[in-house]
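The structure under discussion appears below in the form of structure tokens.
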Amino acid sequence: MHVMDVYDGLRGHFSRQVWWTKRHFFHPREFEICVGAILTQNTNWKNVEKALENMSERKLISPESIAKADVKKLEDAVRPSGFYRQKAERLRLFSEFVMSLGSFDEFAEKVTREQLLGLKGLGPETADSILLYALGRPVFVIDAYTKRIFRRLGFRPFNSYEDWRNFFEQNVPRDRYVYMEFHALIVELAKHFCRPKPLCPDCPLAGDCAKKI
Ligand code: SF4
């Protein structure tokens, strides 16, 4: 089975995933995607949405406002996403970094993956989510769902995040929309079928899966 057979199988089953806008210019929404990528660490998306709502109500969805915000006000806004002190600090450091490049547009154009990985609290999954979904760079995002599903399907497991990422980037056409869609489809499969206790009989990939129960 080829990686793209998995993509085709998932596209044939799930409706098109739209987690992102297809705008080709930068907009405050792209900064919000960066904030969401940081807040979603170790929590679910519902909690992130509550935190984003608080931030929006308190006018804290811009690098300028976060960098200047009162620490307690920012911590209180992000509290629903858990680890609120740590996340508030990460958002502040990230926002200060964006501002140090001049503006969000400058950041979007110039930032490198290495620079993002150098920021406190930004691991490869968060950095790559920002690069792909907010900045539209063709970088494949690897998460725990991706590893679980591809191990179960019978693909050779890799030891490191970078090896997993290279594997996908070498086997999936280099197109940011395909990368976005593929990752979104993987999350759908993990939520609906390939759960910790998998629901194999109804899974759209059951016919080709090594683990199938
Ligand atoms: S058949 Fe089962 S183990 Fe294989 S991908 Fe589907 S849910 Fe996961």
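Numbers below:
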| item | result |
| --- | --- |
| The one condition in (1) surrounded by fewer than 19 Cβ atoms within 10 Å (Cβ to Cβ); (2) within 16 Å of the ligand (Cβ to nearest atom) that Thr146 fails to fulfil | (1) |
| Close pairs (6 angstrom Cβ cut-off, 6 or more residues apart or separate chains): closer than 17 Å to Ser65 by Cα and at pLDDT 95 or above in region 99-122, in a loop (DSSP other than H, G, I, E, B) and not β-branched (Val, Ile, Thr) anywhere | Phe107/Leu101 |
| Filtered residues of region 38-85 (kept if surrounded by fewer than 17 Cβ atoms within 10 Å (Cβ to Cβ) and β-branched (Val, Ile, Thr)) | Thr43, Val71 |
| Residue check, Asp105 of a type outside the set (Gly, Ala, Ser), more than 30 Å from Lys211 (Cβ to Cβ) and not in a loop (DSSP other than H, G, I, E, B) | yes |
| Check on Phe107, surrounded by 14 or more Cβ atoms within 10 Å (Cβ to Cβ) and more than 16 Å from the ligand (Cβ to nearest atom) | yes |
| Residue within region 159-170 that is under 19 Å from Asn44 (Cα atoms), hydrophobic (A, V, I, L, M, F, W, C) and at pLDDT 95 or above present | no |
| So Leu189, is it closer than 26 Å to Val35 by Cα, in contact (Cβ under 8 Å) with a residue 60 or more places away in the chain, surrounded by 13 or more Cβ atoms within 10 Å (Cβ to Cβ) and within 13 Å of the ligand (Cβ to nearest atom) | yes |
| Filter pass, Leu153 being within 14 Å of Leu10 (Cβ to Cβ) and buried (at least 16 other Cβ atoms within 10 Å of the Cβ) | yes |
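The values are calculated or read from the model by the stated rules, or taken from the named source; none is laboratory data. Predicted, not measured: the structure shown is a model, and the values here were computed from it. Cβ: placed from backbone, ideal geometry, glycine included. Neighbour counts: every protein chain shown.
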